[in-house]
Each structure stands twice: as C-alpha cells, then as structure tokens.
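Enquirer: Just dropping this structure here.
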Amino acid sequence: MEIKIFKDVMIKNNAIGEDNRKLFNEQKVLVLNLTSSPGAGKTTLIESTLKLISNKVKAAVIEGDLYTSRDAERLEVFKIPLVQINTEGGCHLDARQIHHSIKELSLNELDILFIENVGNLVCPAEFDLGEHKRVLLYSVTEGDDKPAKYLNMFQAADLILINKIELAELCRIDLEYVEKEIHRINPTAEILRITALDERTLEDWIQWLNKNVQMRERPDESRN
Ligand code: MG
Ligand code: ZN
C-alpha cells in the first residue's frame, strides 16, 4: 500500500516537472537543480558564481530551506530575483513548489535559474523539478565513500562538482580515486574539481554554464 502511494506521488510530481520544463523551454531559461548534503557549499557556490556572471547574464535563485531564509539573505546583495521556499521540515523540493514559486519570476527576462535544493543526499534524487541539468556538489570533507553509499543521487546528476579540493590532502582524499568511483556509478557524469570559495578554480564551471545557457537560447545552432 505504501509503495503504491509513493508511486502515485512520483507520477504526479514528474508530470508537473514536465510542465515546468516546457515553460522553461518556451521562455529560454536554463534551469539547474543544485543538490548536495548539508554544508557542501551550494550557497557559497551560488555566491561566487553570481560575482562572476551576474553582470553578464540575468540570473534568479529559488532557495529551498527547511525553516530559515539565511541562504536567501546571503544573496540579497546581488539584487537579483530571489524566491524562498520553506519546506517546514520537508527534506526535498518538489515540482509543485517550483510551479508555484516561478509565478513570482519573470522567466522571459532570465537566462538562468538556480534552484538550491534542501541539503540531503537521499530523496531529492527522486523528484524531477523540471530542471534541465542536475548539478551535485560533493565536498571532499564528506569522505570518499559517498558515491557508493548514495547511489541514486550520484546517478541522477549530470554534473558533479567536487568541492573544497584544497582540503583533499588534509582529509586524506585521493581525487583520482573519487573520480573513478563517481564514473563507476555514473559513467556519463561530467566532473569538475572546484573550491567554491576560490573564484580562480571556477573557470571550467563558468564555461559549462555559458555553454548550457547558449544551448537554451539558440537550440538550433547547438544541436550539431
Ligand atoms: Mg545553502
Ligand atoms: Zn525528502
């Protein structure tokens, strides 16, 4: 019985996710679903990214949090559209919440929409929000066993950013091994090494963003 209810929830969620994506496509806005465990650096990454791109591309952020609006407050300095979702204890965002929050945004004016999911390496894997790409942030301080332990999250990601790489040695983390582990579990995932606090390490990430924004804006040219 419980399994059936869960299936129905997923079917409904994914149908709304598809509707969201259709809307994002029509409005030519790239939408990223940022997932990670708590404290992996999602908000820090958004901050550093906005510092680098917010004068060139029009960005907005949807912040998913259990109770607080602390992350959104950190982003207020950028003067971009921000929508806060408080899940009141809920451990993931779902497509319906996104469907409601985008009513507060002028999608046609945006190039990119970041959705910061609730910090959790379990159920966000199951919930399609309508995003184009799922970006998983994985910090070396979490240990090298997480890809194997949280299979679904690592399998559901299009891009995996290994974060806090300057701490790898201190944490006894072999980055080559970590990348091999990720590719064993998700052979098609793109992987980049970053330190979200250090903008000098974000060049490839910014390039990845620009490439994907352009693919949304000129889908015909980017097909070949
Ligand atoms: Mg955060
Ligand atoms: Zn959940």
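The values are calculated or read from the model by the stated rules, or taken from the named source; none is laboratory data. Treat the numbers as computed from the prediction; the structure is a model and nothing was measured. Cβ sites come from the backbone with ideal geometry, for glycine too, and all protein chains shown count toward neighbours. With ligands, DNA and RNA removed, areas are computed over all heavy atoms of the protein, side chains included. Shrake-Rupley method; radii C 1.70, N 1.55, O 1.52, S 1.80 Å.
Enquirer: Check each of the GluC sites (Glu not before Pro) in segment 149-209 and keep only those in coil by DSSP with at most 14 other C-beta atoms within 10 angstrom; list them in order. All intermediate terms of the calculation are to be shown ahead of the outcome.
Expert: Values: sites: E166, E169, E176, E179, E181, E190, E199, E203; in loops: E169.
The qualifying sites are E169.
Enquirer: With the full set of protein chains in place, find how many percent of the accessible area of the chain is carbon and sulfur; take the probe as 1.4 Å. Present the calculation step by step, with values, prior to reporting the outcome.
Expert: Details: 5840 of 11680 Å².
That fraction is 50 percent.
Enquirer: Just to confirm, what accessible area per residue do you get for segment 41-197 at 1.4 Å probe, in whole Å²? Walk me through the numbers on the way to the answer.
Expert: On the way: 7240 Å² over 157 residues.
Accessible surface, normalised per residue, equals 46 Å².
Enquirer: Mind checking which lysines have their Cα closer than 29 Å to the Cα of K58? Skip sequence neighbours fewer than 8 apart in that chain.
Expert: Within reach: K22, K28, K42, K79, K103, K133, K164, K211.
Enquirer: Compare the peptides 44-52, 208-216, 11-19 by average per-residue count of other Cβ atoms within 10 angstrom and give them in order, highest first. Display every interim value, and only then the final one.
Expert: Details: 44-52: 18.9, 208-216: 17.1, 11-19: 15.1.
Answer by packing, highest mean first, reads 44-52, 208-216, 11-19.
Enquirer: Per DSSP H run of at least 4 residues, take -39500 (n - 2.57); add these up for the chain, divide by its residues and hand me the 222 nm value, nearest 500 deg cm²/dmol. Mind showing how you got there, number by number?
Expert: On the way: 8 runs with 85 residues, N = 224.
The helix contribution divided over the chain gives -11500 deg cm²/dmol.
Enquirer: Further question: Among the GluC sites (Glu not before Pro) in segment 80-161, which ones are in a DSSP loop with at most 15 other Cβ atoms within 10 Å of the Cβ? Mind listing them?
Expert: On the way: sites: E88, E104, E109, E116, E126, E131, E142; in loops: E88, E131.
In loop regions of segment 80-161 (DSSP not H, G, I, E or B), the sparsely surrounded GluC sites (Glu not before Pro) are E88.
Enquirer: Which of the three applies to segment 2-214, rounded, prolate or oblate, going by the alpha-carbon gyration tensor with a ≥ b ≥ c and a/c under 1.5 meaning rounded?
Expert: Working: a/c = 1.59, a/b = 1.16, b/c = 1.37.
It comes out oblate by the Cα gyration axes.
Enquirer: Please go through segment 125-183 and write out the trypsin sites (Lys or Arg not before Pro) that DSSP classes as loop and that have at most 12 other C-beta atoms within 10 Å. Please report the intermediate quantities before stating the final value.
Expert: Values: sites: K133, R134, K149, K164, R172, K180; in loops: K164, R172.
Listed in order of number, the matching sites are R172.
Enquirer: Over segment 104-178, what lengths in whole Å, largest first, do the semi-axes of the equivalent ellipsoid take, defined as the square roots of 5 times the eigenvalues of the alpha-carbon gyration tensor?
Expert: Equivalent ellipsoid semi-axes, largest first: 28, 15, 10 Å.
Enquirer: Which residue, Q84, Q207, Q27, tops the fluctuation ranking in a GNM of the chain built on C-alpha contacts under 10 Å?
Expert: Among Q84, Q207, Q27, the largest mean-square fluctuation in the Gaussian network model of the chain belongs to Q207.
Enquirer: Below 8 Å between Cα atoms, with a sequence gap of 6+, how large is the relative contact order for the chain in percent?
Expert: Details: 398 pairs, mean separation 56.6, N = 224.
Averaging sequence separation for qualifying contacts and normalising by length gives 25 percent for the chain.
Enquirer: If R₀ is 25 angstrom, what is the calculated FRET efficiency for the pair L52 and A15, using the beta carbon separation as r and rounding to 0.05? Let's see the in-between values first.
Expert: On the way: r = 36 Å, r/R0 = 1.43.
Computed FRET efficiency for L52 and A15 comes out at 0.10.
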